1. Skipping prolines and chain starts, which residues have an amide H placed within reach, meaning under 5 Å, of the one on ALA71, given they are 5 or more residues away or on another chain?
2. Arranged from highest to lowest average of other beta-carbon atoms within 10 Å per residue, in what order do the peptides 56-65, 244-253 appear?
3. List the lysines whose Cα sits under 30 Å from the Cα of LYS52, skipping any in the same chain fewer than 8 residues away.
4. Could you work out the helix-only [θ] at 222 nm for the chain, with each DSSP H run of four or more residues adding -39,500 (n - 2.57) and the total divided by the number of residues, to the nearest 500 deg cm²/dmol?
5. Using label points projected 7 Å from each Cα along Cα→Cβ, tell me how many nm separate LYS52 and VAL179, to one decimal.
6. Hey, rough spin-label estimate for ARG227 and ASN43, points 7 angstrom out along Cα→Cβ, what's it come to in nanometres?
7. To check you understand DSSP bridge types, tell me what percent of the beta bridges within the chain (both residues inside) are antiparallel, rounded to 5.
8. Amide H to amide H, which residues 5 or more places from ILE118 or on other chains are under 5 Å from it, using H placed in the peptide plane?
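Please treat every number below as a calculation from the coordinates, not as lab data. In this text, all values refer to a predicted model and were calculated from it rather than measured experimentally. Heads up, the Cβs are rebuilt from the backbone with ideal geometry, glycines too, and the neighbour counts pull from every protein chain shown.
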Amino acid sequence: MAIPEPNEETLKQTADGYNRRWHFPHCCGSIDGKHIRIICPGNSGSHYFNYKDFYSIIMLALVDHNYKFLAVDVGSYGTEGDAGIFVKSSLGNNLSKAIKFPPPGPLPGTQTVLPYVILGDEAFKLTATLMRPYPHGQAKADTDKAIYNYRHCLARRTCENAFGILCQYFRIFFTPIAVDPDTTVLIVLAACIVYNFLRDKCSSSSCDETPSDVMDLPRNIQPLPRRKGNANFEAYNVRNQFRKYFCSREGQVAWQLAHVERVN
């Protein structure tokens, strides 16, 4: 059994959920990567030794608006834990080639046509389909960019929360995993599958965690390092169009209506 690969319909439903719940239109999920601490495997040299000075394997995950895992990639060496690992991973390859995103369409209430995207943090390179926040220095000096970063963070934290809930469900992540790496991969994948089952069960009842309920990640789960890198004009333009929408009258009206619906 495995997590089903997301298709165009699944991603469209996820985008509708992100727009409705987290007020970020055209978002097909949030992505994050973590180092999962393991005991040093025998005769492995420095393959699993990461920048945080412990041994690990890499877990990349794409998460939907309800904190469920849409796709998971586990098993890369900890020493490869820069953000370039995303490009080389099966998840990165699938997102760029195999997984079909919904076709571009207009943002709500506008004629601005933009592609569907996923949201990442500073560990990921900005592309036309993967948004990362504006650099802190730019956002500090520009209110519009700060507004974009806030909306981006609000939606992207679903992935961080998913990792936090996963660790609360399965306490094995609170200690270094002391089995061989291949078995560790199976344990992590099994945990994600059971996690999704539990999330489905939770969403059909009243036990739905909110961001304030999620504890900090244990020290055995660490983020990928931030990266610098050049993006092309198209990628910058897509992010700038989202920024303009969030600061426009249409975007502000949508934001206010969403808050009114929540209160009621």
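1. LEU62
2. The packing order, highest mean first, is 56-65, 244-253.
3. Output for LYS52: LYS34, LYS68, LYS88, LYS125, LYS140, LYS228.
4. Result for the chain: -12500 deg cm²/dmol, rounded to the nearest 500.
5. For LYS52 paired with VAL179, the spin-label model returns 2.1 nm.
6. About 3.2 nm separates the two model spin labels.
7. 80 percent
8. Those lying under 5 Å, H to H, from ILE118 are CYS28, LEU130, MET131.
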